[in-house]
1. Going residue by residue through segment 246-253, is there one that turns out to be surrounded by 14 or more Cβ atoms within 10 Å (Cβ to Cβ), of a type in the set (F, W, Y) and either assigned to a strand (DSSP E or B) or in contact with a Ser or Thr (Cβ under 6 Å, 6 or more places away or on another chain) (or both)?
2. Can you tell me which residue within segment 150-159, out of those that are crowded, with 18+ Cβ neighbours inside 10 Å and in contact with a Phe, Trp or Tyr (Cβ under 9 Å, 6 or more places away or on another chain), is nearest to G192 (Cα to Cα)?
3. Just the residues that are within 12 Å of F203 (Cβ to Cβ) and under 20 Å from the mean Cα position of the chain (by Cα), please, taken from segment 218-234.
4. Under 22 Å from N172 (Cβ atoms), in contact (Cβ under 8 Å) with a residue 12 or more places away in the chain, open to solvent by 60 Å² or more (accessible area, probe 1.4 Å) and touching a Cys at 6+ places or on another chain (Cβ under 7 Å), is that true of K231?
5. Can you name every residue in segment 131-147 that is open to solvent by 30 Å² or more (accessible area, probe 1.4 Å), in contact with a helix residue (DSSP H, G or I) (Cβ under 8 Å, 6 or more places away or on another chain) and either among the charged types (D, E, K, R) or farther than 14 Å from C86 by Cα (or both)?
6. When you scan segment 185-206, how many residues do you find that are more than 20 Å from the chain's Cα centre (by Cα) and either farther than 17 Å from C240 by Cβ or polar (S, T, N, Q) (or both)?
7. Does segment 202-212 contain any residue that is assigned to a loop (DSSP other than H, G, I, E, B) and under 30 Å from S148 (Cβ atoms)?
8. Do the conditions hold for S186, that is, is it part of a strand (DSSP E or B), open to solvent by 70 Å² or more (accessible area, probe 1.4 Å) and at negative phi?
Amino acid sequence: MHTGKIINNNPGGTKMKIVKKFLIAIVIFMGMTTAVNAAGVYGTLNLAGYDDYRHDLKGNTLALLIEESSSAIMIGENIPSTISSCTLVTFDKKASEKIRVSFDEAIGDNKVEIICFDKTWALLRVEGVSTMFYSVKLGKKDVSVLGSVLDAEFRFRFMSGKDLVSVLNTDNKCQLFNQKMEKIGSSVDLIGKAFSLNDGKYFYCGDGTTTKIYKVKKGFEEVISETGDYKAINQPKRICCIRDGDNHKICKY
């Protein structure tokens with residue numbers, strides 16, 4: 001006999017649906033909480049006591065601590081101060097100190113500056129009797145010099161991954177170096193200052209009438225050479241405009 005009542009023959013299934021809805025609500029809530037907490041300050045560094053510093057793309061920081069011997073005056077000439085101690089200190093994005101090591105190659109020289117930095121690797125420029133670039137690996141206990149080169153033979157422009165783009169001969173030539181400060185591939189003749197594109201994966205140069213774009217990979221490969229001036233459109237998509245008077249050439253490099 002039918003009584004008109006609806007009988008739930010699957011009470012377990014109903015409970016499972018309720019549990020699933022509850023879990024979905026928790027996931028959505030956690031996602032919203034994560035989104036809210038994503039923005040803000042990771043950490044704060046006070047670098048007032050340091051002589052130079054550089055941040056990398058991931059928020060790590062390299063800072064220099066330099067101690068100098070006092071300058072002296074001899075026969076009317078001012079003798080520059082010399083470095084008696086140089087310490088390299090790194091911090092992560094939360095401002096926690098990670099590495100503190102001595103860079104002894106700078107002792108006896110006059111000035112040290114950080115040219116570029118990436119977590120445990122740095123390029124340093126040291127001025128003294130001769131001005132040198134040092135490529136160094138930062139370890140927990142010491143500094144390893146990967147390579148060095150005279151300032152006259154290397155003028156840093158930008159990083160390209162783990163390689164370095166340099167200009168030579170008063171900006172007329174461009175040369176790629178690795179972290180050992182060894183040359184990679186052949187140099188190319190520039191027609192103007194080299195400007196980094198796509199985090200150093202490409203670069204462009206121009207002389208006001210012509211624009212050239214090069215791909216940086218184990219050397220330089222020319223991919224664009226057009227009459228006109230470079231105009232940025234969408235760098236991540238490698239789309240640009242090369243304007244030649246009223247003509248706008250839309251290019252992908």
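1. The first filter runs over segment 246-253 and keeps only residues surrounded by 14 or more Cβ atoms within 10 Å (Cβ to Cβ), leaving 249, 251, 253.
With the extra rule that they be of a type in the set (F, W, Y), the set shrinks to 253.
Those still in the list that are either assigned to a strand (DSSP E or B) or in contact with a Ser or Thr (Cβ under 6 Å, 6 or more places away or on another chain) (or both) too: none.
Within segment 246-253, not a single residue is surrounded by 14 or more Cβ atoms within 10 Å (Cβ to Cβ), of a type in the set (F, W, Y) and either assigned to a strand (DSSP E or B) or in contact with a Ser or Thr (Cβ under 6 Å, 6 or more places away or on another chain) (or both).
2. Here is the first cut: in segment 150-159, the residues crowded, with 18+ Cβ neighbours inside 10 Å are 154, 157, 159.
Within this subset, residues satisfying the condition of being in contact with a Phe, Trp or Tyr (Cβ under 9 Å, 6 or more places away or on another chain) are 154, 157.
Numbers: F154: 17, R157: 13 Å.
Among residues in segment 150-159 that are crowded, with 18+ Cβ neighbours inside 10 Å and in contact with a Phe, Trp or Tyr (Cβ under 9 Å, 6 or more places away or on another chain), the one nearest to G192 (Cα to Cα) is R157.
3. First, the residues of segment 218-234 that are within 12 Å of F203 (Cβ to Cβ): 220-224, 230.
Once the filter is applied, which keeps residues that are within 12 Å of F203 (Cβ to Cβ) and under 20 Å from the mean Cα position of the chain (by Cα), segment 218-234 yields only F220.
4. On the way: under 22 Å from N172 (Cβ atoms): no; in contact (Cβ under 8 Å) with a residue 12 or more places away in the chain: yes; open to solvent by 60 Å² or more (accessible area, probe 1.4 Å): yes; touching a Cys at 6+ places or on another chain (Cβ under 7 Å): yes.
For K231, the condition - under 22 Å from N172 (Cβ atoms), in contact (Cβ under 8 Å) with a residue 12 or more places away in the chain, open to solvent by 60 Å² or more (accessible area, probe 1.4 Å) and touching a Cys at 6+ places or on another chain (Cβ under 7 Å) - is not met.
5. Hits for segment 131-147 are T131, M132, V145.
6. The initial filter retains those residues of segment 185-206 that are more than 20 Å from the chain's Cα centre (by Cα), namely 185-192, 205-206.
Subset that is either farther than 17 Å from C240 by Cβ or polar (S, T, N, Q) (or both): 185-190.
The total comes to 6.
7. We begin by selecting, within segment 202-212, every residue assigned to a loop (DSSP other than H, G, I, E, B); these are 207-209.
Those left that are additionally under 30 Å from S148 (Cβ atoms): none.
Within segment 202-212, not a single residue is assigned to a loop (DSSP other than H, G, I, E, B) and under 30 Å from S148 (Cβ atoms).
8. yes
The values are calculated or read from the model by the stated rules, or taken from the named source; none is laboratory data. Since we're looking at a predicted model, the values are computed, not measured. We place every Cβ from the backbone using ideal geometry, glycine too, and count neighbours over all the protein chains shown. These area figures cover heavy atoms from the full protein model, side chains too; ligands, DNA and RNA do not enter into them. Shrake-Rupley method; radii C 1.70, N 1.55, O 1.52, S 1.80 Å.
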